[in-house]
Amino acid sequence: MVPAPQTPAHTHGSIVIDLSSPILPPGFFAAPAPVLARQLIGARLLVDGVGGTIVETEAYDSTDPASHSFSGPTARNAAMFGPPGHAYVYRSYGMHWCLNLVCGPVAGGAVLLRALVPEDGIPLMRERRGPVPDRDLCRGPGRLCQALGVTVAHDGLPLDAPPFHLIPGPAEGMGEGAVVAGPRIGITRGADTPWRFSLRGSRFLSRPARG
DNA sequence: CGTCGGATACCCT
DNA sequence: GGGTATCCGACGC
């Protein structure tokens, strides 16, 4: 008789359920975008097993002139007006993809993922990103999508099912004051709204924290 | 490690 | 037309 493995996992055929992963709380995505954006710092995101700890986010909602939802539904932003808890993926500069998590008590809210710490699937990230320092694998919203293999094919997909795996934070060792709020990056309208959130002192941010 | 220009394509008003 | 991220080479700290 072989003793049961001491790992916190059950197996059903080829499916492995990792019992160490906290369950996404009900209503997690019903929070307003700035609230969820702050909560996501220290959470972990995997796409097909590739990803790491989120260290930089930005919040957008329909009251915000910087938001794609500000001027109402279009073909591109349809996912922002769908149910919370789904992905919104859009193209930036005609060549990069950007991943948002649709959220909020009303339509039109989303959190843009701007940077994470490469932790899982780093060899595949390197293949996708080419010869860059590991620090730069997921440092920026477009780079993050390239490293995780996120494209418009993920637009509208639910975030609580494969290929997505979102594990709520905060990460070990994160305490009060670990999250910095400041102005968002690369926008002109709504530039004074402090809806960029980042992990204080992280070297994986797309740019240093301001504010 | 930070900042600075210059170059690149698509979505929406 | 206005908005937008990345890569590059350059240079300062």
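The values are calculated or read from the model by the stated rules, or taken from the named source; none is laboratory data. Bear in mind the structure is a predicted one, so any value in this text is a computation, not a measurement. Note: ideal-geometry Cβ built from the backbone for every residue, glycine included; neighbour counts use all protein chains shown. Surface areas here come from the heavy atoms of the whole protein model, side chains and all, with no ligands, DNA or RNA. Shrake-Rupley method; radii C 1.70, N 1.55, O 1.52, S 1.80 Å.
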Point-to-point label distance, residue A:200-residue A:92, nm (Cα→Cβ direction, 7 Å offset):
2.6
What is the sum of charges, Lys and Arg at +1 and Asp and Glu at -1, for the other residues whose Cβ falls under 10 Å from the Cβ of residue A:136?
+3
Just the projected area, averaged over all directions, of the convex hull on the alpha carbon atoms of chain A: how many nm²?
13.4
With every protein chain in place, segment A:36-112: carbon and sulfur % of accessible area (1.4 Å)
59
Among GluC sites (Glu not before Pro) in segment A:125-211, those in a DSSP loop whose Cβ has at most 13 other Cβ atoms within 10 Å are A:172, A:176
Rounded to the nearest 20 Debye, what is the dipole magnitude of chain A about its Cα centre when Lys and Arg each give +1 and Asp and Glu each give -1 at the C-beta?
680
Using the Cα centre of chain A as origin and beta-carbon charges of +1 (Lys, Arg) and -1 (Asp, Glu), tell me which of A:74, A:36, A:185 is placed farthest towards the positive end of the dipole.
A:185
Rounded percent of accessible protein surface that carbon and sulfur make up, segment A:126-186, 1.4 Å probe:
52
What chymotrypsin sites (Phe, Trp or Tyr not before Pro) in segment A:73-119 are in a loop by DSSP, with at most 13 other Cβ atoms within 10 Å of the Cβ?
A:93
Length added when fully stretched, residue A:207-residue A:30, from 0.36 nm per residue minus Cα-Cα
60.9 nm
Can you tell me the Rg and Dmax of segment A:86-195, counting just the alpha carbons, in angstroms?
14.9, 42
Give the residue list of trypsin sites (Lys or Arg not before Pro) in segment A:51-139 that are DSSP loop and have at most 15 other beta-carbon atoms within 10 angstrom.
A:76
Solvent-accessible area per residue for chain A (1.4 angstrom probe, square angstrom)
51
